[in-house]
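Inspection log for the structure reproduced underneath, given as structure tokens.
Please treat every number below as a calculation from the coordinates, not as lab data. On a predicted model such as this, the values are computed, not experimentally measured, just so you know.
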Amino acid sequence: MKYRFYTCDVFTDRRFGGNQLAVLPEAQGLTAAQMQQVAQEFNFSETSFVFPSEAGQTRHVRIFTPRIEVPFAGHPNIGTAYTLAITGHFGEFDSTKVTFEEQAGLVNITIQRRDNNSLWCELAAPEALSAQPSPQKCWQPQYR
């Protein structure tokens, strides 16, 4: 079976800058093991695999590093939304909101067309930022 893929540079306005990402916009039929192999082959920090929605949202997205699947990552969501938008998966729009289903939860992304016809993508993380309490005592190695 053949799969279409796109590579993009996220968080930049120039080629070969920013964060690299590979996107497979129609990944139906791939197993987790196969997705892991594809991510290893690209060897980018992340590769995203897009599937039809499982829970009534816009798309279901899985993200893999060359070593593991991750529940959420920022630049793959931005790059995936951008790639799907420029390849016509969301139709014509000036501004649209999409929601990706991911292991970490629902990821809401707003996509806006700018005056120069470029796209701006902004996401809301699937959960609020939280911090663990600071440790009261830290272990320090003893050197002799």
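Kirkwood-type hydrodynamic radius, segment 6-124: 14.3 Å, calculated from all non-identical alpha-carbon pairs. Every helix of 4 or more DSSP H residues in the chain counts as -39500 (n - 2.57), and over all residues that averages to -5000 deg cm²/dmol at 222 nm. Relative to the longest principal axis of the Cα atoms of the chain, the long axis of helix 32-42 lies at roughly 90 degrees. Near the amide H of VAL10, within less than 5 Å, lie the amide hydrogens of ASN19, GLN20, LEU21, all on another chain or at least 5 residues away, with H placed in the peptide plane.
Note: relative contact order over segment 6-124, using C-alpha pairs below 8 Å and six or more positions apart, is 20 percent.
Along segment 58-70 the Karplus relation, 6.51 cos²θ - 1.76 cosθ + 1.60 evaluated at θ = phi - 60°, assigns HN-Hα couplings of 6, 8, 9, 10, 10, 10, 10, 8, x, 10, 8, 8, 10 Hz to successive residues, with x for each Gly and Pro.
Using θ = phi - 60° in the Karplus curve 6.51 cos²θ - 1.76 cosθ + 1.60, the 3J(HN,Hα) couplings for segment 16-30 round to 6, x, x, 9, 6, 8, 10, 10, 10, x, 9, 9, 3, x, 7 Hz; x is entered for Gly and Pro.
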